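See below for the structure under consideration.
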Number of protein chains: 4
Amino acid sequence: MRIGVLTAGGDCPGLNAVIRSVVHRAVTTFGDEVIGFEDGYAGLLDGRYRTLDLNDVGGILALGGTILGSSRLQRDRLREACENAQDMAREFGIDVLIPIGGEGTLTAARMLSDAGLPVVGVPKTIDNDISSTDRTFGFDTAVGVATEAMDRLKTTAESHQRVMVVEVMGRHAGWIALESGMAAGAHGICLPERPFDPADVVAMVEERFARGKKFAVICVAEGAHPVEGSMDYGHGAIDQFGHERFQGIGTALAYELERRLGKEAKPVILGHVQRGGTPTAYDRVLATRFGWHAVEAAHRGDFGRMTALRGTDVLMVPLAEAVTELKTVPKDRMDEAESVF
Amino acid sequence: MRIGVLTAGGDCPGLNAVIRSVVHRAVTTFGDEVIGFEDGYAGLLDGRYRTLDLNDVGGILALGGTILGSSRLQRDRLREACENAQDMAREFGIDVLIPIGGEGTLTAARMLSDAGLPVVGVPKTIDNDISSTDRTFGFDTAVGVATEAMDRLKTTAESHQRVMVVEVMGRHAGWIALESGMAAGAHGICLPERPFDPADVVAMVEERFARGKKFAVICVAEGAHPVEGSMDYGHGAIDQFGHERFQGIGTALAYELERRLGKEAKPVILGHVQRGGTPTAYDRVLATRFGWHAVEAAHRGDFGRMTALRGTDVLMVPLAEAVTELKTVPKDRMDEAESVF
Amino acid sequence: MRIGVLTAGGDCPGLNAVIRSVVHRAVTTFGDEVIGFEDGYAGLLDGRYRTLDLNDVGGILALGGTILGSSRLQRDRLREACENAQDMAREFGIDVLIPIGGEGTLTAARMLSDAGLPVVGVPKTIDNDISSTDRTFGFDTAVGVATEAMDRLKTTAESHQRVMVVEVMGRHAGWIALESGMAAGAHGICLPERPFDPADVVAMVEERFARGKKFAVICVAEGAHPVEGSMDYGHGAIDQFGHERFQGIGTALAYELERRLGKEAKPVILGHVQRGGTPTAYDRVLATRFGWHAVEAAHRGDFGRMTALRGTDVLMVPLAEAVTELKTVPKDRMDEAESVF
Amino acid sequence: MRIGVLTAGGDCPGLNAVIRSVVHRAVTTFGDEVIGFEDGYAGLLDGRYRTLDLNDVGGILALGGTILGSSRLQRDRLREACENAQDMAREFGIDVLIPIGGEGTLTAARMLSDAGLPVVGVPKTIDNDISSTDRTFGFDTAVGVATEAMDRLKTTAESHQRVMVVEVMGRHAGWIALESGMAAGAHGICLPERPFDPADVVAMVEERFARGKKFAVICVAEGAHPVEGSMDYGHGAIDQFGHERFQGIGTALAYELERRLGKEAKPVILGHVQRGGTPTAYDRVLATRFGWHAVEAAHRGDFGRMTALRGTDVLMVPLAEAVTELKTVPKDRMDEAESVF
């Protein structure tokens, strides 16, 4: 069998672990050939690829990034790809394509699959917001990085008697904010799933100060937003050339708190630190299992599906099911955290 | 409501996170009183306890160990306890006992529950071998520590052209060896669940050397054992006073390999490093959720059960079910790892 | 002997290690009494203090923050303190005061010393900019945190083909930027000690892109500034209420690069993460040695001086010498780094 | 100029950082050619080498191990090398050799230098025991790893009420034990520089137990040894084939304590974990500076010397001076630690 593999979308710890696992399983057990397309779907469309053997994947298990490169998909090029899906498979002589990526990548995978290309998907997102799988690799690493940062910020916030607003990743789903906030013991958590009222944040901080705890750490998902009309500060600031500069919710909320509390409140935007570097053991294991099962599925002819964690098992689920709805934080998980506004 | 809490058995990262979570939920939401018994069941039997309020659990979320102390249970004292279970509850004025512990602790919890003491259990083991729950807190930390150690050992094994046998925890179940071995890319994994033949390990190492890879890292659970009669070295060594000194399987296997390969093979026994210190974010979240659900169960009168992770949910399962059978590594998980002998 | 100790100024990993070391040495070896003033000089002036014995400093060696609390000094209160320096010593019955702090704290210490209070200083700054000592504790931890963040950002910058500008601490001296930039292999470093020309940064990035390296990480000290007139962006942005909002050099430089390169450039402001949390082993050792030597000096009557690292030795140097001039990055250290603009 | 570089002796975090720095400085600034000999002096003698350009050293700054491989030197081959030193230089067309290694490597370097080969040495040892330099790279990483392990062991020792004897590296000099013991707050430290009496260790533990602290962590350098005749246990144990098996001082001392205290005492042998993996920021900076200065020295014709850290400066010192005497822990450093027996 000849297997094509590609990585698309943003950086995510564990990508290399999947690639390595696919190559190990395919080459060692089945005697397959594996080729890797460069820079995501772009490499597939442009025919840029190279063979991957055991030596190529030596020492990459713990490495951040992706040895294949990645790129964001252009929609019109995708359409083109779908029209030529079967030709492409023939051209590169691949029996199956294993795209590793997030929602966009998997939607494209589904379209290619519908167009006749045998596809086995592997879901990837640090945001953990893909339906049909309990967890995605990269998420645990992101939560770990955010937690360690807040562990450090807490001692500083305390000794400086200061309010800190820590913005973590999560545009549409608040999983990173929820779990890192819980793990670090953040005093407040704001999620995209539930609009918050800054007045509640103010009340919490004031209650803490009244109890003699003269600091607070608030963990905010980048996609969190206030109840309509409840907050003065928005996302805009004007730079000196008159261009509007986007200002994240972390910064806006810190300004708002400072204004309302009459106390210093500092925004800390963790940003891309959360999505790079060495994956945690958890993510390496999950990524390795996903790669292994993708090759198994390929050999069973189990196409049009993707790997998914369910409880302790890795199963195959239809791509269609995975990409229809985003997996957001449900109410009962918010209740458990207690500090969600 | 008045809640008694205790921690029993060996050290496990996340114990303090459970205690903190129980106190937070009970005191803040329900206005309960919480008392903590010292040194496990010993404190219950001797009446050594102290009240726990919010201040007592400040800053302990990321702390290893247990602020309540722990001890191993003595069987005869347990019998005594069961005979006086209802009296004890009355004496301390507790409406429910939340014991946090491993198999022994939960078995005792079940006996106390059968004897009429309202009990809600919280499972704890770094070995991840308790049935009825997908994972236990402490396990992720142990796997992380073992993985980081093997990450470091790999560069050294490579530059010294050496075989290294790393012994990790897991007396009856090989979960830590399986997951840390996968995460670190160990070249061989030995588990308690499947007797291994040292000849297979030798063959693997020789095949690597033949390919020019002049090193190997083998990850062995402390409870792994060879196929009957396949190995010359056993667990014994004699110290200079003629006392037999136990020698773990890691050491024995390293000696065996050295003898058979005619090459240096070094044992590395990770030991208790795996069970101490700051818990990972994953373990803190799981421990916090377990504590939260234990308090909920207590208020629902849902006694004789323990918290359990199933998929993404935390549920309550009967103590009876949890302690009847050890959760060991099934064959399909070994297959995924590929390097299990 | 009765020793007073206080911590003043910003958070710095290692403060607790000094306090612990002072108590250990003073109590165990000399049978001294130690009292700790709360919240820096404020506690001294207000008479808020508590005795510190061995139990009080148990388990704090690796803890971030300061168990004594800290505060910034108010100048008028300092004058008041100096006028009453000898009375204060008598009032609290202290034979010596050991203030642990940065430049401001040590200047105050010198004034109190001149006013007749026996003082032994311990220098503290994550910025490493105090003269007369080779290094200060806290610096190694800050460099470690910044390096780890850039390690992670590099894989992300590479897979996203993006320019990243990482702003690290260092208002007047660029030590953190220099060493973390070197340790992480940043492609460019900007220091307060040498105005940079953004045109040089642009040239470096373009040269990299020309070589096929489609990303760059630039490490900028918060106190770095451009050659007069060389940069369009400044420190100002206007929020929606018309208030000017300070915008650090990292953000300004990222905007500037984006504008000139026509490519996305992202600022990452590491901020207070650098000054909180568990100190590295290096910082714990240095802090412990400083505390030990401070007590020795106190017993020798070696007042008006502070501890200092010189080579491998800890010596006492005059406070006067330590606070006259800031220790900045000299030209030869910039040359070694090569990537300093 | 054509520069040959090689790494010899045991693994040491920072080796790749030196290689990278040599190549960067030599190629970028001077337009030199750099070749790397494989597997230490063996590659030099066998003529196995490859050119190293900027791409070859991309991404290796934070990588453990050495991309050039290493090996222990054989004495007779060294003699051979010295006899042909000048011929070899001619054969490979190198103008200077930069060997990176420990005491043995530098002694060989000195002999080659005396034999007429232009040599600039770079010292390397995790043990920090090379004279003439304040510190060597690799040491900080080793201390960090040992400290983190003891941080974890402390919570476990405490909750299990157990004595733990942690053996760290350091055959002839106790720097790692001294600094990691101080950083982790070990209750006792044993160094090769000063024979210890196990009776003193016993007394310390008993004194702790009497104070209610029912655990202790003792940090022992592998080269520590008891006062003659003071200890029952030695280094021997007999395996089941009658072979004597070496048993380190950590194991022997744990047995001894167990026997004398009548309490469980566990040995933990950290071993090679201390010498592998990613270097700390400190070690990366020092290694990078050493590489830079080695190239500078080569261009100045400053041969027969090696790089050395003195205070904050990197200088060149005669190889002769560096290898005559081992740098051991002096008495005043032991005094500072207080817990050294």
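The values are calculated or read from the model by the stated rules, or taken from the named source; none is laboratory data. Please read all numbers here as calculations on a predicted model, not as lab measurements. No Cβ is skipped: glycine too gets one built from the backbone with ideal geometry, and neighbour counts run over all protein chains shown. Keep in mind that these areas ignore ligands, DNA and RNA; they rest on the heavy atoms of the full protein, side chains included. Shrake-Rupley method; radii C 1.70, N 1.55, O 1.52, S 1.80 Å.
The figures follow:
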{"quantity": "Residue within the range A:24-33 that is open to solvent by less than 20 Å² (accessible area, probe 1.4 Å), over 16 Å from residue A:294 (Cα atoms) and at pLDDT 95 or above present", "calculated": "no"}
{"quantity": "Close pairs (6 angstrom Cβ cut-off, 6 or more residues apart or separate chains): facing chain C (nearest Cβ under 9 Å) and in contact (Cβ under 8 Å) with a residue 12 or more places away in the chain in the range A:144-168, open to solvent by 20 Å² or more (accessible area, probe 1.4 Å) and assigned to a strand (DSSP E or B) anywhere", "calculated": "A:164/A:266"}
{"quantity": "Where residue D:297 falls short, out of the listed (1) of a type outside the set (D, E, K, R); (2) open to solvent by 10 Å² or more (accessible area, probe 1.4 Å); (3) more than 14 Å from chain B (Cβ to nearest Cβ)", "calculated": "(2)"}
{"quantity": "Selection from the range A:166-193 of residues that are crowded, with 24+ Cβ neighbours inside 10 Å and among the charged types (D, E, K, R)", "calculated": "A:167, A:179"}
{"quantity": "The one condition in (1) out of contact with any Asp or Glu (no Cβ under 9 Å at 6 or more places or on another chain); (2) open to solvent by less than 10 Å² (accessible area, probe 1.4 Å); (3) modelled with pLDDT under 90; (4) not basic (Lys, Arg) that residue C:87 fails to fulfil", "calculated": "(2)"}
{"quantity": "Matching residues in the range C:90-112 - criterion: being surrounded by fewer than 24 Cβ atoms within 10 Å (Cβ to Cβ) and closer than 12 Å to residue C:303 by Cα", "calculated": "C:95, C:110"}
{"quantity": "Flag for residue B:141 being of a type in the set (Ser, Thr, Tyr) and free of Cβ contacts under 8 Å to residues at least 40 places away in the same chain", "calculated": "no"}
{"quantity": "The range D:34-66: number of residues that are within 14 Å of chain B (Cβ to nearest Cβ) and surrounded by fewer than 18 Cβ atoms within 10 Å (Cβ to Cβ)", "calculated": "1"}
{"quantity": "Residue within the range C:263-271 that is among the basic types (Lys, Arg), at negative phi, assigned by TED's automatic domain parsing to the domain that holds residue C:167 and open to solvent by 60 Å² or more (accessible area, probe 1.4 Å) present", "calculated": "yes"}
{"quantity": "Pairs, first under 16 Å from residue A:309 (Cα atoms) in the range B:327-341, second open to solvent by 20 Å² or more (accessible area, probe 1.4 Å), C-beta under 7 Å, six or more apart", "calculated": "B:336/A:292"}
{"quantity": "In the range C:232-253, the residues that are farther than 23 Å from residue C:163 by Cβ and exposed (fewer than 13 other Cβ atoms within 10 Å of the Cβ)", "calculated": "C:241, C:242, C:243, C:244"}
{"quantity": "Restricting the range D:278-292 to residues that are of a type in the set (D, E, K, R) and in contact with an Asp or Glu (Cβ under 6 Å, 6 or more places away or on another chain), the residue that is surrounded by the most Cβ atoms within 10 Å (Cβ to Cβ)", "calculated": "D:283"}
{"quantity": "Filter pass, residue C:278 being within 21 Å of residue C:149 (Cβ to Cβ), among the β-branched types (Val, Ile, Thr) and within 12 Å of another protein chain (Cβ to nearest Cβ)", "calculated": "yes"}
{"quantity": "Test result for residue C:163, surrounded by 24 or more Cβ atoms within 10 Å (Cβ to Cβ), closer than 21 Å to residue C:19 by Cβ and more than 21 Å from the chain's Cα centre (by Cα)", "calculated": "no"}
{"quantity": "Test: residue D:229 is on the phi > 0 side of the Ramachandran plot, open to solvent by 20 Å² or more (accessible area, probe 1.4 Å), of a type outside the set (Val, Ile, Thr) and not in a strand (DSSP E or B)", "calculated": "yes"}
{"quantity": "Residue D:159 being among the hydroxyl-bearing types (Ser, Thr, Tyr) and not assigned by TED's automatic domain parsing to the domain that holds residue D:267", "calculated": "no"}
{"quantity": "Among the candidates A:209, A:196, residue that is open to solvent by 20 Å² or more (accessible area, probe 1.4 Å) and either aromatic (Phe, Trp, Tyr) or not assigned by TED's automatic domain parsing to the domain that holds residue A:153 (or both)", "calculated": "A:209"}
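For (1) open to solvent by 10 Å² or more (accessible area, probe 1.4 Å); (2) at pLDDT 95 or above, each residue gets a yes or a no:
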residue	(1), (2)
C:115	yes, no
C:119	no, yes
C:135	yes, yes
C:145	yes, yes
C:151	yes, yes
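Residues are listed down the side, and each one gets a yes or a no for (1) part of a helix (DSSP H, G or I); (2) under 20 Å from the mean Cα position of the chain (by Cα); (3) surrounded by 15 or more Cβ atoms within 10 Å (Cβ to Cβ); (4) more than 14 Å from chain B (Cβ to nearest Cβ):
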residue	(1), (2), (3), (4)
A:302	no, no, yes, yes
A:307	no, yes, yes, no
A:322	yes, yes, yes, yes
A:332	yes, no, no, no
